[in-house]
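The values are calculated or read from the model by the stated rules, or taken from the named source; none is laboratory data. A quick note: this is a predicted structure, and the numbers were derived from the prediction, not measured. A quick note on method: Cβ atoms are made from the backbone with ideal geometry, for glycine too, and the neighbour counts reach across all protein chains shown. Note: accessible area is taken over every heavy atom of the protein model, side chains too, but ligands, DNA and RNA are not part of it. Shrake-Rupley method; radii C 1.70, N 1.55, O 1.52, S 1.80 Å.
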Amino acid sequence: MDNIVRIESITIQNFKNIKNGYLSFENSKKNYAASILGLYGQNGSGKTALIDALELLRLALSGKSLPQHFANFINVDSESATIKYALKVQIDKYKSVYDVVYELSLKREIDDSDQNMDNPSTNENYKAIIVDEILSYSYEPEIGKRERFTSIIDTRTENDKPFVPIAKYNVLVGKSKETLTNLIVAKQLARATSRSFIFSKELVNIIRQNCQKDYHRHLIDRMMVFGNYELFVINTSNTGLISMDALPLSFRYSENGKATVGNMLLKLNEPTLIPEQALGIVKKVVANMNIVLQQIIPGLTIGVRELGTQLNPNGSLGCRVQLISKKNSKEIPLKYESEGIKKIVSILQLLIVVYNKASITVAIDELDSGVFEYLLGEILRIISEKGKGQLIFTSHNLRPLETIDKGFIAFTTTNPDNRYIRMTNVKSSNNLRDFYYRDIILGEQDEPVYDATNNYEIALAFREAGASYAT
């Protein structure tokens, strides 16, 4: 048994343009070591919403505050959004297996944290808050035995009760009145700072001190490790940063049993000042990436050029570095390489880790952006057949539909009440790419996957819009 956390499914309600959506990440057709999910569909049909929902999970598990823009993710026709995550958690040390469901809701609330007086004439700013959290699970302490599925923390209570059920409350945190008072304050603080209460350091520390059943504590600790060190979410803002000559380098590097996790922003149009102690890590990550990079882009490697030291504003010593590209015995700044190469460099270390470690989950929005379609298809084929971790991605490029198992592919629909489907009636001999194209035209699935457009109407619209340019 390994230390593995896998996201098995997600249920989304009233989040962005999704009124209802359910998506399983399991391949029901074949048993692979890796868990791959590629999501395809029309623009604006809920692909990025899935990635944002996974980012919400990462922030909640790691105890971080939600960015203000999450307030805009609640469907305009609803007062709240609800997301339910089903996970499988295996802990090698204790030979235990958990089937976990973590559910939360988002609500929109006026953000007056920067105001010290009422001013009705100013525009109101909103923030997203996490409410109505529920953590439930069944537990298998050894093969052949199983504790029944039950809620251990349900925060849908009045202010005088931090969470229920009372029996689980007493087991987790005890019966002290001082603890009760501290938890009431902690719950209010988590709400005020847009954080999860279940995974807040205040509640977790109290559970660590008072929990009477270790297997409860082991689960919560393992989920927090997953959120902080093993779940990576790469959204389209990374691609935008690359266009603005900044390379977001996400990495997880292991050496001598110790893991280093980080996300470093390196400037491309000028040297970047990084902490002196980070230089060695950056060099090792780059050297590790080069092993794969020169195979997928023959002859290309990247390097780190040191340009001296400089004091940081806080007085500590920093190193000025610049990323360079090496090809055909020539070195040039990495900024002059194509957008596609910079995109590959920015995510390559995470793909390496997904290939090698079963405990890692990486979610990438628009994985295909700037990447040659044949290369994209082959990389995904290799990871799906030989990898160990979990990779969730969205894409517009249909090449992977021909290279990876059909059980790894899901599609969005035009129906906001049923946003995600798997294709049915797909034979093993079918080319899924052709099958998808045919369904766009003929609509043979239970839900339409494409909101049909009319070429004549599009041409007419172009003509009308361009009338003012006519000479």
Exercise. Can you pull out the residues in the range 59-89 that are touching a Leu at 6+ places or on another chain (Cβ under 9 Å), more than 24 Å from residue 124 (Cα to Cα) and either among the small types (Gly, Ala, Ser) or open to solvent by 50 Å² or more (accessible area, probe 1.4 Å) (or both)?
Worked result: 60, 62, 84
Exercise. Cβ-Cβ below 6 Å, separation at least six or inter-chain, first residue in the range 149-160 and assigned to a loop (DSSP other than H, G, I, E, B), second among the charged types (D, E, K, R) and open to solvent by less than 30 Å² (accessible area, probe 1.4 Å): which pairs?
Worked result: 155/133
For this session: Please work out if residue 370 is among the small types (Gly, Ala, Ser), open to solvent by 50 Å² or more (accessible area, probe 1.4 Å) and on the phi > 0 side of the Ramachandran plot.
Result: yes
Seminar exercise, completed: Within the range 43-72, residues being of a type outside the set (Ser, Thr, Tyr), assigned to a helix (DSSP H, G or I) and over 26 Å from residue 202 (Cβ atoms) number 6
Exercise. Would you say residue 366 is touching a strand residue (DSSP E or B) at 6+ places or on another chain (Cβ under 7 Å), closer than 29 Å to residue 49 by Cβ and of a type in the set (D, E, K, R)?
Worked result: yes
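So that you can scan it fast, the table gives a plain yes or no per residue for (1) among the aliphatic types (A, V, I, L, M); (2) in contact (Cβ under 8 Å) with a residue 40 or more places away in the chain; (3) over 22 Å from residue 43 (Cβ atoms):
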site	(1), (2), (3)
397	no, no, no
421	yes, no, no
428	no, no, yes
438	no, no, no
457	no, no, no
462	no, no, no
Seminar exercise, completed: Scanning the range 435-450 residue by residue, those open to solvent by less than 100 Å² (accessible area, probe 1.4 Å) and either hydrophobic (A, V, I, L, M, F, W, C) or touching a helix residue (DSSP H, G or I) at 6+ places or on another chain (Cβ under 9 Å) (or both) turn out to be 435, 436, 440, 444, 445, 448, 449, 450
Exercise. Are there any pairs, at least 6 apart or on different chains, whose C-beta atoms fall under 9 Å, with the first in the range 364-387 and assigned to a loop (DSSP other than H, G, I, E, B) and the second of a type in the set (Phe, Trp, Tyr) and at pLDDT below 90, and if so, which?
Worked result: 387/32
Exercise. For the range 438-456, which residues satisfy the criterion of being of a type in the set (Asp, Glu) and outside any loop (DSSP other than H, G, I, E, B)?
Worked result: 439
Exercise. Do we have residue 453 as of a type in the set (S, T, N, Q) and open to solvent by 10 Å² or more (accessible area, probe 1.4 Å) here?
Worked result: yes
Problem set entry | Residues satisfying the stated conditions in the range 318-333, i.e. farther than 13 Å from residue 272 by Cα and either touching a residue at least 12 places away in the same chain (Cβ under 8 Å) or open to solvent by less than 90 Å² (accessible area, probe 1.4 Å) (or both) | 325, 326, 327, 328, 331, 332
Exercise. Just checking, which of 325, 346 is among the hydroxyl-bearing types (Ser, Thr, Tyr), modelled with pLDDT of 90 or more and over 20 Å from residue 40 (Cα atoms)?
Worked result: 325
For this session: Go through the range 173-203 and give me each residue that's crowded, with 17+ Cβ neighbours inside 10 Å, assigned to a helix (DSSP H, G or I) and among the aliphatic types (A, V, I, L, M).
Result: 173, 183, 186, 190, 203
